[in-house]
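Colleague: Attaching a single structure in structure tokens format; questions to follow.
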Amino acid sequence: MTSDTAWLGSMPETYDRCLGPALFAPFAAHLAGLAAVDAPVRVLELAAGTGVATAELVRALPDATITATDLNPAMVAWGCERVPGATWQPADAGALPQPDASVELVVCQFGAMFFPDRSGAFAEARRVLAAGRRFLLTTWQAVEASPFPAALTDALDATLPDDPPTFVARVPHGYHDPAQVEADLAAGGFDDVAVERVVLTGEAPSARTLAEGFCLGTPLRFALEQRGDLGALCAAVGDHMTATLGDGPVEGDLAALVVTAR
Ligand SMILES: C[S@@+](CC[C@H](N)C(=O)[O-])C[C@H]1O[C@@H](n2cnc3c(N)ncnc32)[C@H](O)[C@@H]1O
């Protein structure tokens, strides 16, 4: 685990409260609809985080056995409480404990960007999937395509002009080239890949809620801690984001790639 992939202490709670409904819930519902299409009985979720997509999978597939995994034990502990209808297990997507050909669907919502060896992790997904079954994953488009992370990046540039943290553009929004995703899936053993650009709408109670989520509930936190007082930096980022997105409830496009591989 590195400072780009760690969720510790209070981070799962902040992520879930501030970013879950705003950024991840819209795609969770979309993905669960796709997941239900061929009625899988055994489902494995990778990088499940706090369980935003897991909850939708449990709802969409009431008869399925859903195993939700994540690298970070703090995420697994939070997800376990939040979505008890799934079985939770710590696991690195690059070294899954599941036996070969043991599930009918693998799902990964906004996790692949964090994997250090993506084709290796995709090969693991391929290994645990029964023959001909699907791997569903999502990855964010570049920050410029979505107003919330774009406003965050501008706020970080304004707050820390000499040394703005690069985490958000580099990691969660750094894996957006469809050709690269297809090549990595091919290297992992998938030969039937469909990539669709999907834009959904995100909503949050305020720009400051988003700032709190990004600054305190993601690994951006570690980069900010190295640069100054975390609370003060988070407040300054919240002020800049409010100036960009406006006071009160905010709404914005969320642009992602939704990928089906077989
Ligand atoms: C942006 S969060 C997405 C969480 C969740 N899928 C959602 O939609 O809210 C990324 C997640 O990837 C997990 N992660 C990072 N590297 C991982 C790895 N190598 N294996 C499994 N999970 C990993 C993190 O712990 C984190 O929970």
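Just so you know, all these numbers are worked out from the coordinates, no wet-lab data involved. Quantities reported herein were computed from a predicted structural model and do not represent experimental measurements. Counting neighbours? That spans all protein chains shown, and the Cβs are built from the backbone with ideal geometry, glycine included.
Colleague: Around Ser146, what is the net charge, scoring Lys/Arg as +1 and Asp/Glu as -1 over all other residues with Cβ under 14 Å from its Cβ? Walk me through the numbers before you get to the answer.
Modeller: Working: positive: Arg197; negative: Glu144, Asp154, Glu203, Glu251, Asp253.
Around Ser146, the charge tally is -4.
Colleague: Specify the inter-centroid distance of the range 85-115 and the range 161-182, based on alpha-carbon positions, in whole Å.
Modeller: 23 Å
Colleague: Okay, moving on. Just add up the charged neighbours of Ala101: K/R +1, D/E -1, any other residue whose Cβ is under 12 Å from the Cβ of Ala101.
Modeller: Numbers: positive: Arg42, Arg126, Arg127, Arg133; negative: Asp100, Glu104.
With Lys, Arg at +1 and Asp, Glu at -1, the neighbours total +2.
Colleague: Along the charge dipole of the chain, which of Val58, Val195, Phe214 sits closest to the positive end, that is, farthest toward it, with unit charges on the beta carbon of Lys, Arg, Asp and Glu (+1, +1, -1, -1)?
Modeller: My answer, from the dipole projection, is Val58.
Colleague: Using amide H atoms built 1.01 Å from N in the peptide plane, name the residues 5+ places from Arg134, or on other chains, whose amide H lies under 5 Å from its own.
Modeller: Here Val106 satisfy the definition.
Colleague: While we're here: Roughly how compact is the chain, stated as its Cα Rg over 2.2 N^0.38 Å to two decimals? Mind dumping the intermediate values first?
Modeller: Details: Rg = 17.7 Å, N = 262, 2.2 N^0.38 = 18.3 Å.
Relative to the rule-of-thumb radius for its length, the chain sits at 0.97.
Colleague: Of Ala145, Pro97, Thr166, whose Cα points farthest to the positive end of the dipole of the chain (charges on the beta-carbon: +1 Lys, Arg; -1 Asp, Glu; origin at the Cα centre)?
Modeller: Going by the Cα projections, it comes out as Pro97.
Colleague: Among Val107, Val195, Val237, which one shows the highest mean-square fluctuation when the chain is modelled as a Gaussian network with alpha-carbon springs under 10 Å?
Modeller: The residue with the greatest mean-square fluctuation here is Val195.
Colleague: Oh, and also: Between Glu13 and Ala194, with labels modelled 7 Å along Cα→Cβ, what's the label distance in nm to one decimal, could you check?
Modeller: Taking the simple label geometry, Glu13 and Ala194 are separated by 4.2 nm.
Colleague: Of the candidates Ala112, Ala158, Ala53, which one comes out as most mobile in a Gaussian network treatment of the chain with C-alpha springs shorter than 10 Å?
Modeller: It is Ala158.
Colleague: Using only Cα atoms, figure out Rg for the range 1-88 and give it as a multiple of 2.2 N^0.38 Å.
Modeller: On the way: Rg = 12.7 Å, N = 88, 2.2 N^0.38 = 12.1 Å.
Ratio of Cα Rg to 2.2 N^0.38 Å: 1.05.
Colleague: Here is a further query. Find the cysteines in the chain that fail to meet the 4.7 Å Cβ criterion with every other cysteine, and list them.
Modeller: Cys18, Cys80, Cys108
Colleague: Now, a different point. Rounded to the nearest 20 debye, what is the charge dipole size of the chain about its Cα centre when +1 sits on each Lys and Arg Cβ and -1 on each Asp and Glu Cβ? Kindly include the intermediate steps, with their values, before the conclusion.
Modeller: Working: 15 positive and 33 negative charges, 121 e Å.
About 580 debye.
Colleague: Take the Cα radius of gyration of the range 20-139 and divide it by 2.2 N^0.38 Å, with N its residue count; two decimals is plenty.
Modeller: Working: Rg = 12.7 Å, N = 120, 2.2 N^0.38 = 13.6 Å.
The reported ratio for this selection is 0.93.
Colleague: Among Thr242, Ser10, Ala36, whose Cα lies farthest out toward the positive end of the dipole of the chain, if unit charges sit on the beta carbon of Lys, Arg (+1) and Asp, Glu (-1)?
Modeller: Sorting the options by dipole projection puts first Ala36.
Colleague: Using 0.36 nm times the number of residues separating Asp239 and Ala186, minus their current alpha carbon distance, what extension gain do you get? Display every interim value, and only then the final one.
Modeller: Working: separation 53, 0.36 × 53 = 19.08 nm, distance 4.38 nm.
Result for the pair: 14.7 nm of gain on full extension.
Colleague: Can you tell me the Rg and the Dmax, both Å, for the Cα atoms in the range 175-262?
Modeller: 17.7, 49
Colleague: May I pose another question? Using just the helices of the chain, give the 222 nm mean residue ellipticity in deg cm²/dmol: DSSP H runs with n ≥ 4 each add -39,500 (n - 2.57), and the total is spread over all residues, rounded to 500. Write out the running numbers ahead of the final one.
Modeller: Numbers: 11 runs with 105 residues, N = 262.
Estimated from H runs of four or more residues: -11500 deg cm²/dmol.
Colleague: Convex hull over the alpha-carbon atoms of the range 115-248: what's its volume per residue in Å³?
Modeller: Numbers: hull volume 16.9 nm³, N = 134.
Looking at the range 115-248, the number lands at 126 Å³ per residue.
Colleague: Of Ala183, Ala155, Ala68, which is the most mobile in a GNM of the chain whose springs link Cα atoms less than 10 angstrom apart?
Modeller: Sorting by GNM fluctuation, first place goes to Ala183.
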